[in-house]
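Worksheet: one structure, shown below.
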Amino acid sequence: MDKIQVLDKKTQNALGSDAVQTQATPKESAGTNFVTRIKRGSWILLGVALAAGIFSSVMTTNVEVDTSAEAQEALDTRISENLGPGAKIADEDDGFIGDGYYVSVNTEEDYTYMYLWDYADEDADYVQIYVNGEAYSDPFMLTNEPAVFGVPIEGDVEIYGVKDGKNDGISYGVYFEDEQLSYFGGVTENDSDLYTIEKAE
């Protein structure tokens with residue numbers, strides 16, 4: 001029920017017209033609060049949308065596909081001496097399934113650095129690294145920006161396919177710093193490529 005403050009005429013004259021106030025009815029108050037909540041919610045949604053757009057643009061890489069003769073040769077042979085970590089040689093996964101290689105490194109150290117990336121489009125492919133049969137990393141998404149791992153020499157490194165983002169194969173590039181070769185391989189889910197690392201004689 002509407003509630004209005006009523007003053008008699010004598011009180012109104014004594015206080016003046018500015019003193020006469022009415023209370024907002026519940027319907028008016030609820031309507032005002034609803035509009036305020038809608039306006040506030042709109043600003044929050046706009047802020048979230050802007051933040052999502054900024055995050056998406058930051059996370060998406062704009063790496064150009066290398067179409068040089070060296071890149072074409074790398075797609076044919078799956079090995080390159082000239083293309084380093086992060087080389088993008090295809091615009092989409094080509095479904096290639098690799099086998100693995102023997103890697104001969106020239107170092108006196110007990111470990112070498114391994115760089116691992118997606119050589120094609122970033123399509124939410126996930127892999128996991130195993131060294132000598134033991135999990136060496138958590139599953140992670142391949143991107144055009146290489147992930148770097150220190151791996152022991154004289155051992156087996158497996159690149160295990162965890163998730164195929166677009167069901168077109170999991171493409172990856174791998175580069176061993178002390179061998180200075182890039183390999184362009186591919187695996188399917190629940191399968192792996194094996195790289196056996198040895199010291200050069």
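Read the figures in this text as sums done on the coordinates, not as results from a lab. Just so we're clear, the structure is a prediction, and the values are computed from it rather than from any experiment. No Cβ is skipped: glycine too gets one built from the backbone with ideal geometry, and neighbour counts run over all protein chains shown.
Couple of notes before you dig in:
- Residues in the range 190-199 carry Karplus couplings, in order, of 6, 9, 8, 9, 10, 10, 9, 9, 9, 7 Hz; the curve used is 6.51 cos²θ - 1.76 cosθ + 1.60 with θ = phi - 60°, and Gly or Pro positions show x.
- Between residue 199 and residue 124, the simple spin-label model (points 7 angstrom out along Cα→Cβ) gives 4.5 nm.
- Using the Cβ-Cβ distance between residue 92 and residue 137 with R0 set to 30 Å, the FRET efficiency works out to roughly 0.75.
- In plain terms, the residue of 166, 199 with the fewest other Cβ atoms within 10 Å comes first and the most crowded comes last, giving 166, 199.
- For the pair residue 163 and residue 66, the difference between a 0.36 nm per residue extended length and the Cα-Cα distance amounts to 32.4 nm.
- Close amide-amide hydrogen proximity is noted between residue 178 and 113, each under 5 Å apart and 5 or more residues distant or on a separate chain (H modeled in the peptide plane; Pro and chain starts excluded).
- Peptide ranges 87-100, 131-144 listed from the most packed, as the mean C-beta count within 10 angstrom indicates: 87-100, 131-144
- Here each label is just a point 7 Å from Cα along the line to Cβ, and for residue 189 and residue 154 those points are 3.9 nm apart.
- Cα gyration tensor shape of the range 70-193, rounded if a/c is under 1.5, else prolate or oblate by comparing a/b with b/c: oblate
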